[in-house]
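The values are calculated or read from the model by the stated rules, or taken from the named source; none is laboratory data. It should be emphasised that the depicted structure is a prediction, and the values quoted were computed from it without experimental measurement. Quick reminder, even Gly has a Cβ in these numbers, built from the backbone with ideal geometry, and neighbours come from all protein chains shown. Ligands, DNA and RNA are stripped out before the accessible areas are found, and what is left, the full protein with its side chains, is counted by its heavy atoms. Shrake-Rupley method; radii C 1.70, N 1.55, O 1.52, S 1.80 Å.
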Amino acid sequence: MRARTTIGLAIASVTALTLSACSDAGKGGATTAAGDDISIVATTTPLGSVVEQIATCAGGTASTLMPVNADPHQFSASSAQVADMVKADLVVANGLGLEGGLDASLQQVAADGTEVFPVAEHVDPLPWGADDHGDHEGHDEHADHDEHEGHGENDGHEGHAHGEFDPHFWLDASRMATAAQTIGDKVADLTGNEKWATCGAEISDELTALDDEIRDALADIPEERRVIVTDHQAYGYFNKAYDFHSAGVVIPGGSTEAQPSSQELAGLADVIRAENVPVIFTNAAVNQRLVDALAAEVGGEVKVVSLYEGSVGPKDGPAADYQGMMRENARLISEALA
Ligand SMILES: [Zn+2]
């Protein structure tokens, strides 16, 4: 099994070298360490943070495709980045349609022989709107987003039709814990090195502890304040895991690509006023103009607070890794609502 895998990878590497006209020997330069025989690229920064932690524990290294503050829905790879993924042995992707701007590149990378491993489908994914308790009268239209498909083409991931499931699983730390174990096991299978599985379990335990920590940080928010409005529909897993629900989103459709109509913004402003929602949560990657337009429409006291949704924060900041991003979100949400 291991020998066959190695031969397959060697062929993929030769293809990559030919395609990129790269004269350096070996696989992706930044991602291999002495004694380690696999190079891994993760797509998003939350996944990249966890993959890098597992790799560090296992004595390897991994790299992350997207820069800090990239929008995972819209980010597209340069041809050099596609070549780097083709040179890698494994690309860890979120999947379930999250990386809309990367779809074609990931298909090309897979066609060129690099395994693309979409993690979200391995963490018990939820359908869209699973956090909606259906108990808010008067704004049923916000629970009824029929336009989630958005991207159209099938992304080739077995098991889930594109658009059926919500891809934003990482905002539930317990699911990220499952992802860490799954990724560790996957790399152990590919390399025959059980260290990766052990390290996946170690990081998974850390993330399970993080999940408890987040629960504690949010515990003081009273039930009637656990109603949130966000820039787009990214909080289904967060809401279900930590007992919040959504009163609406600024950008409809499950991605960040759509534009709300002025009627939709006015309708959401009505909901915010009617339910006394004190804050609109947004993130660095989206168009602030829309969120500001909504806040202006609401008038009065509504605050706008930026969270870490699709990306970790900058190096040297408190949200530089996945754990930091989740802790900061819990702190900011608690501060805004408690
Ligand atoms: Zn999103």
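Please enumerate the residues belonging to segment 171-221 that are outside the structural domain of Pro127 (by TED's automatic domain parsing), small (Gly, Ala, Ser) and in contact (Cβ under 8 Å) with a residue 24 or more places away in the chain.
Ala217
Out of Gly200, Gly267, Gly184, Gly236, report the one residue that is in contact with a Cys (Cβ under 6 Å, 6 or more places away or on another chain) and modelled with pLDDT of 95 or more.
Within the list Gly200, Gly267, Gly184, Gly236, the selection yields Gly184.
Out of (1) over 22 Å from Ala219 (Cα atoms); (2) within 15 Å of the chain's Cα centre (by Cα); (3) open to solvent by 20 Å² or more (accessible area, probe 1.4 Å); (4) not acidic (Asp, Glu), what's the single condition that is false for Tyr308?
Exception for Tyr308: condition (1).
Yes or no: Ala293 over 19 Å from Ser334 (Cα atoms) and surrounded by 19 or more Cβ atoms within 10 Å (Cβ to Cβ)?
Answer is no for this residue.
Exactly one of these conditions fails for Gly248: (1) open to solvent by less than 20 Å² (accessible area, probe 1.4 Å); (2) more than 11 Å from the ligand (Cβ to nearest atom); (3) without any contact (Cβ under 8 Å) to a residue 40 or more places away in the chain. Give me its number.
Unmet condition: (3).
Within segment 251-264, how many residues are surrounded by 19 or more Cβ atoms within 10 Å (Cβ to Cβ) and farther than 25 Å from Phe75 by Cβ?
Matching residues across segment 251-264 total 1.
Please list, ordered by first then second residue, the pairs with beta carbon atoms under 6 Å, 6 or more apart or interchain, first in segment 159-170 and more than 10 Å from the ligand (Cβ to nearest atom) and modelled with pLDDT under 90, second open to solvent by 10 Å² or more (accessible area, probe 1.4 Å) and among the polar types (S, T, N, Q).
The qualifying pairs are His162/Asn154.
Could you tell me which numbered condition Trp196 fails, if it satisfies all but one of (1) touching a strand residue (DSSP E or B) at 6+ places or on another chain (Cβ under 9 Å); (2) of a type in the set (Phe, Trp, Tyr); (3) part of a helix (DSSP H, G or I)?
Only one criterion in (1) touching a strand residue (DSSP E or B) at 6+ places or on another chain (Cβ under 9 Å); (2) of a type in the set (Phe, Trp, Tyr); (3) part of a helix (DSSP H, G or I) is unmet by Trp196, namely (1).
Condition check: open to solvent by 50 Å² or more (accessible area, probe 1.4 Å) and either farther than 11 Å from Thr230 by Cα or within 16 Å of the ligand (Cβ to nearest atom) (or both). Does Gly300 satisfy that?
yes
Can you name every residue in segment 251-270 that is aliphatic (A, V, I, L, M) and within 12 Å of the ligand (Cβ to nearest atom)?
Residues satisfying the conditions are Ile251, Ala258.
With respect to Ser76, is the statement that it is over 30 Å from Ala258 (Cβ atoms), of a type in the set (Ser, Thr, Tyr) and in the same structural domain as Asp189 (by TED's automatic domain parsing) true?
Taking the combined requirement at face value, the residue does not satisfy it.
So Arg273 ticks every box in (1) surrounded by 15 or more Cβ atoms within 10 Å (Cβ to Cβ); (2) away from the ligand (no atom under 16 Å from the Cβ) but one. Which box is left unticked?
Checking Arg273 against (1) surrounded by 15 or more Cβ atoms within 10 Å (Cβ to Cβ); (2) away from the ligand (no atom under 16 Å from the Cβ), the one that fails is (1).
Name every residue in segment 74-96 that is open to solvent by 10 Å² or more (accessible area, probe 1.4 Å) and within 16 Å of the ligand (Cβ to nearest atom), in order of residue number.
Once the filter is applied, which keeps residues that are open to solvent by 10 Å² or more (accessible area, probe 1.4 Å) and within 16 Å of the ligand (Cβ to nearest atom), segment 74-96 yields Gln74, Phe75, Ser76, Leu96.
Among the residues of segment 211-233, which ones are under 20 Å from the mean Cα position of the chain (by Cα) and either crowded, with 20+ Cβ neighbours inside 10 Å or within 16 Å of the ligand (Cβ to nearest atom) (or both)?
Scanning segment 211-233 gives Ile214, Ile228, Val229, Thr230, Asp231, His232, Gln233.
In segment 304-323, is there at least one residue being hydrophobic (A, V, I, L, M, F, W, C) and within 16 Å of the ligand (Cβ to nearest atom)?
yes
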